[in-house]
Amino acid sequence: EEAWTVAAEMAAAKLERMGAAVGYRLTERLAQSKTWTTTITNASDPATAVAAQQLEAVKFLCKEVWLEIFSKQIDKLQTNHRGVFVLKDLNFLWLTKFPRNSEHSRVCAIRLLAFPCGIIRGSLANLGIPSVVSCDFLADGVNMAACSFNIKVK
């Protein structure tokens, strides 16, 4: 049992690293033609400038990167303007075929979400924003495809 748990964690970590590599390279390609313009209300405050830069990068991720990979934008972006972002995808393409009300489906879905967490981390790393990304499975028994990705900027 313990060996199985360790193997599962190692597999999830490998999936996350693979996703980070994909996100990093894809962002490199998509950001080449992007012009970064952040409107800063108080340029004398460096914290405001950093927060604006982070928000601009996360918006790019939600609109451009997610659209390229999943053919849709993130459904909802929330932030506390202090380095914490929550991205919600209420109909995540990879989870739409999972059976409802199944614990096995829930476990498999959580493992599968390691890859998109890596994509997010790699994309933000390419944009100069080191972060820690985790995911929550928002299934309510009816909609198995809802999930949220929590980003904490380091």
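The values are calculated or read from the model by the stated rules, or taken from the named source; none is laboratory data. This structure is a prediction, so every number in the text was calculated from the model and none was measured. Here the Cβ positions follow ideal geometry from the backbone for every residue, glycine too, while neighbour counts run over all protein chains shown. Quick note on the areas: whole protein, heavy atoms, side chains included, nothing else; ligands and nucleic acids left out. Shrake-Rupley method; radii C 1.70, N 1.55, O 1.52, S 1.80 Å.
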Would you check if E9 is acidic (D, E), over 19 Å from R82 (Cβ atoms), open to solvent by 50 Å² or more (accessible area, probe 1.4 Å) and at pLDDT 80 or above? yes
Out of (1) open to solvent by 40 Å² or more (accessible area, probe 1.4 Å); (2) of a type in the set (S, T, N, Q); (3) under 14 Å from the mean Cα position of the chain (by Cα), what's the single condition that is false for T27? (1)
Take the residues in region 43-65 that are out of contact with any Phe, Trp or Tyr (no Cβ under 9 Å at 6 or more places or on another chain), of a type outside the set (A, V, I, L, M, F, W, C) and part of a helix (DSSP H, G or I); name whichever of them is least open to solvent (accessible area, probe 1.4 Å). T48
What is the residue count in region 73-103 for residues that are in a loop (DSSP other than H, G, I, E, B) and at pLDDT 95 or above? 3
Qualifying residues in region 91-127 (those that are small (G, A, S) and surrounded by 19 or more Cβ atoms within 10 Å (Cβ to Cβ)) - the one nearest to L67 (Cα to Cα): S123
Listed residues V107, V132; which is within 19 Å of A13 (Cα to Cα), without any contact (Cβ under 8 Å) to a residue 24 or more places away in the chain and part of a helix (DSSP H, G or I)? V107
Filter result (more than 11 Å from the chain's Cα centre (by Cα), of a type in the set (A, V, I, L, M, F, W, C) and surrounded by fewer than 22 Cβ atoms within 10 Å (Cβ to Cβ)) within region 128-154: I129, F137, L138, A139, V142, A145, A146, V153
Among (1) farther than 20 Å from A51 by Cβ; (2) open to solvent by 80 Å² or more (accessible area, probe 1.4 Å); (3) basic (K, R), which single condition is K88 missing? (2)
